[in-house]
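For reference, the structure discussed in these notes is given below.
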Amino acid sequence: MSNAVQSVDRALRLLELVAADPDGRRLSDLARAAGLAVSTTHRLLTSLEQRGFVQVEGETGLWHVGQTAHRVGAAWGRARTMLAPAMPHLRRLRDATRETANLGLIEDGWVVTLAQAESREIMRAISPPGGRAPTFCSGMGKAIVATWPDAQIDQLIDRHGLGAATRNSLTRREDVHAEMAKIRDQGFAMDDEEFVPGLRCVAAVIEGPGGDAVAAVSVSGLSLRMTPDKVARCAELVQRVAVDLSGRVAV
């Protein structure tokens, strides 16, 4: 085992030990349980602390699970809750369109792909699970944000900006609001080569049990195949799938 891999293994072991005790663990206890020197344990815990995976109480010296670890765990639970009902729909959507079907949500200002049923075409769109895209360059991102009040959309723009991934990307606030109004009117969103040149995406929003937008489903493919007629057909299909999944997935 290389030194780097060994360090990762030891750090993860320490994280498991910290997580196992809700009351917190002392440095010496963790070192003893992990079979490591106190100095090594402290170095690894400090690295984990810098990334937010653990935190230490200044007065007691007790180590606890940090916010980042909770976020990672919550993401796993959220993905599991969503994937069970979604995957059969994604596969059927893939088969009906012959293009890649995706499930995603917005996290920290980015669209994150949770799951995907990959097209069987030789040339196909791929954004593997865990992949990220700027919200306003993504069909799924725009489908979700279009359900928000204008003030909340402006807050997202103020916080994360409007980067130009391609020459088709939305870069002006007024264009974003015009696009959101169009999406609300037609019931679906589109990424027209706004993130990757040569790729188009059609998306619709998925609502949770309470009626709030929790995710989106999309079909993405090469622009040369995503003709206006095919885009219209894909829009019908993704909206149908979004309705079928709404109320069945939650975050």
message = Given a Förster distance of 45 Å, report the FRET efficiency between residue 68 and residue 229 from their Cβ-Cβ distance, rounded to the nearest 0.05.
response = 0.45
The stretch 9-75: GluC sites (Glu not before Pro) in DSSP coil with no more than 13 other Cβ atoms inside 10 Å = 57, 59
task = Starting at the first residue of the stretch 181-188, write each ³J(HN,Hα) from the Karplus equation 6.51 cos²θ - 1.76 cosθ + 1.60 with θ = phi - 60°, in whole Hz, x for Gly and Pro.
result = 5, 5, 5, 4, 6, 8, x, 8
ask   = What list of ³J(HN,Hα) values in whole Hz, one per residue of the stretch 96-111 in order, does the Karplus curve 6.51 cos²θ - 1.76 cosθ + 1.60 (θ = phi - 60°) give from phi, with Gly and Pro shown as x?
value = 6, 9, 6, 10, 6, 9, 10, 10, x, 8, 9, 9, 6, x, 10, 8
task = Using DSSP to define loop residues, name the trypsin sites (Lys or Arg not before Pro) in the stretch 133-184 whose beta-carbon has at most 16 other beta-carbon atoms within 10 Å.
result = 167, 172
remark   = Sorted by chain and then number, the residues having a modelled amide H within less than 5 Å of the amide H of residue 187, at least 5 places away or on another chain, are none
key: Theoretical gain in end-to-end length, residue 185 to residue 27 [0.36 nm per residue, Cα-Cα removed]   = 51.1 nm
remark   = A chain fully extended from residue 158 to residue 39 at 0.36 nm per residue, minus the present Cα-Cα distance, gains in nm 38.5 nm
ask   = Mind checking the log10 I(q)/I(0) for the stretch 75-245 at q = 0.15 Å⁻¹? Debye, one equal scatterer per Cα, no solvent, two decimals.
value = -0.74
task = Kindly express, to the nearest 10 degrees and within the range 0 to 90, the angle between helix 228-245's C-alpha long axis and the longest C-alpha principal axis of the chain.
result = 50 degrees
task = With label points built 7 Å along Cα→Cβ from the Cα atoms of residue 19 and residue 50, find their separation and express it in nm.
result = 2.2 nm
task = Rounded to whole Hz and in sequence order, give me ³J(HN,Hα) for the stretch 203-220 from the Karplus expression 6.51 cos²θ - 1.76 cosθ + 1.60, θ = phi - 60°, writing x for Gly and Pro.
result = 9, 9, 7, 10, 9, x, x, x, x, 7, 5, 10, 6, 8, 10, 8, 10, 10
query = Helix-derived [θ] at 222 nm for the chain: sum -39500 (n - 2.57) over DSSP H runs of at least 4, divide by residue count, nearest 500?
reply = -15500 deg cm²/dmol
Between 0 and 90°, nearest 10: helix 150-160 axis offset from the chain longest Cα axis = 50 degrees
ask   = Per the Cauchy relation, a quarter of the hull surface: what is the mean projected area of the convex hull of the alpha carbons in the stretch 3-65, in nm²?
value = 3.9 nm²
key: Cα long-axis angle, helix 38-50 against the chain (0 to 90 degrees, to the nearest 10)   = 30 degrees
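Each reported figure results from applying straightforward, stated rules to the coordinates on display, with no laboratory input. Predicted model, so just to flag it, every value in this text is computed and none were measured. Here the Cβ is made from the backbone with ideal geometry for all residues, glycine too, and neighbour counts use every protein chain on show.
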